[in-house]
1. From the list Cys138, Cys93, Cys99, which residue is within 16 Å of ligand 1 (Cβ to nearest atom) and either assigned to a helix (DSSP H, G or I) or in contact (Cβ under 8 Å) with a residue 12 or more places away in the chain (or both)?
2. Of Ala88, Ala128, which residue is more than 16 Å from Pro312 (Cα to Cα), within 16 Å of ligand 1 (Cβ to nearest atom) and surrounded by 20 or more Cβ atoms within 10 Å (Cβ to Cβ)?
3. Looking only at the stretch 78-116, how many residues end up being more than 16 Å from ligand 2 (Cβ to nearest atom) and under 22 Å from Ala170 (Cα atoms)?
4. Filter the stretch 10-45 for residues that are more than 23 Å from Ile68 (Cβ to Cβ), modelled with pLDDT of 95 or more and either buried (at least 19 other Cβ atoms within 10 Å of the Cβ) or within 16 Å of ligand 2 (Cβ to nearest atom) (or both) and give the result.
5. Being of a type in the set (Asp, Glu) and part of a loop (DSSP other than H, G, I, E, B) is the filter; apply it to the stretch 51-90 and report the residue that is farthest from Pro154 (Cα to Cα).
6. For the structure I just gave you, tell me whether Gly203 is out of contact with any Lys or Arg (no Cβ under 7 Å at 6 or more places or on another chain), surrounded by fewer than 18 Cβ atoms within 10 Å (Cβ to Cβ), small (Gly, Ala, Ser) and without any contact (Cβ under 8 Å) to a residue 12 or more places away in the chain.
7. Any chance the stretch 62-77 includes a residue that's crowded, with 16+ Cβ neighbours inside 10 Å and of a type in the set (S, T, N, Q)?
8. From the list Ala199, Ala194, exactly one residue is within 16 Å of ligand 1 (Cβ to nearest atom) and either outside the structural domain of Asp329 (by TED's automatic domain parsing) or under 20 Å from the mean Cα position of the chain (by Cα) (or both). Which is it?
Amino acid sequence: MPHEVRGVIARTRGAPVEVVTVHVPDPGPDEALIRVQACGVCHTDLHYREGGIGDDFPFLLGHEAAGIVEAIGPGVTNIAPGDFVVIAWRAPCGACRSCLRGRPWYCFNSQNARQRMALDDGTPLTAALGIGAFAELCLVHARQTVKVDPSVRPAAAALIGCGVMAGYGAAVNTGGVAQGDTVAVIGCGGVGNAAIAGAVIAGARMVIGVDVVEQKLEWARRFGATHTVDATKQDTVDAIRELTDGFGADLVVDAVGRPETYVQAFLARDHAGRLVNVGVPPEQGMTVALPMSEVFGRGGSMRSSWYGDCLPTRDFPVLIDLYGKGRLDLDGFVSETITLDDVEAAFRKIVNSEVLRSVVIFAPR
Ligand SMILES: [Zn+2]
Ligand SMILES: [Zn+2]
């Protein structure tokens, strides 16, 4: 019997989101039904609403969530009803050529639920990033769930499911921050600050936060930035070089993803330094031009980081553990807790840089 719950959908391109009745099937083979407790409002949800991630409207939004396993389908062995889980948008298949070569974070066939959630009239919903967790119940592939310490506050645990993992992983997994590294992060929103926190935990000796909004620089300092650069007052590349004895940083993370910031990140690296791009380009068709002699002559690497190159089963428990030990300030990312009815307003706050994260909290049943 399908369950009827409230959920947030984007019905058509650019229209404000709506709270509607969503029909959620019981879990079939390999699927799990999750009673969502908390779900962060991520910029990607706004991209969906604006039609930036395909045309498969209507979308059921929400993809940064934690909750309790309500029911499991046949064949599920990794979780049981009652478990506290964080939902991942990467669930490696174990059988594609990346998985078989031992690189499951590049899986080509990440697993999702086979059944669709739907509207009253039967219209199937496209779940954002294969999740759709702005709903009281959410149907996912069981391997999209990672069981974690149930004593952790759901609003904090949820953030590991997307933004915090993406930023932390960009610095630690993709960027390979080592003891004594100098690190600069351009863009100090949720993802950028998670990269700053990750760099600090991995032993960076200097972490420079760069942004154009003073509030964001303040957040950067909270998460451990040793220095900040206001890019409205100083040239980003000059400022990073000055702070690093004229050399540039060992690792520069571009958490914005625009051509200008990418070039700045490229130029602000030390000799043989690393660039990691974790910011999703805001528009299709953007291009970046770099002097070829510098691409060769500077050496080092330029990499993109998808979801922090994370392996959820490996990395989620680590981040929860760091939180428990007081080393990763997940609570610091939670600017406000809201209800399902406030998601549209939360989008405006993202655009205006008023929040790091608004987190939807669901009333206990
Ligand atoms: Zn996200
Ligand atoms: Zn695979």
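The values are calculated or read from the model by the stated rules, or taken from the named source; none is laboratory data. Keep in mind it's a predicted model, so treat the numbers as computed, not measured. Counting neighbours? That spans all protein chains shown, and the Cβs are built from the backbone with ideal geometry, glycine included.
1. Cys138
2. After applying the criteria, what remains is Ala128.
3. Here the count works out to 2.
4. Ala10, Val17, listed by residue number.
5. Asp55
6. no
7. No.
8. Matching residue, one of Ala199, Ala194: Ala194.
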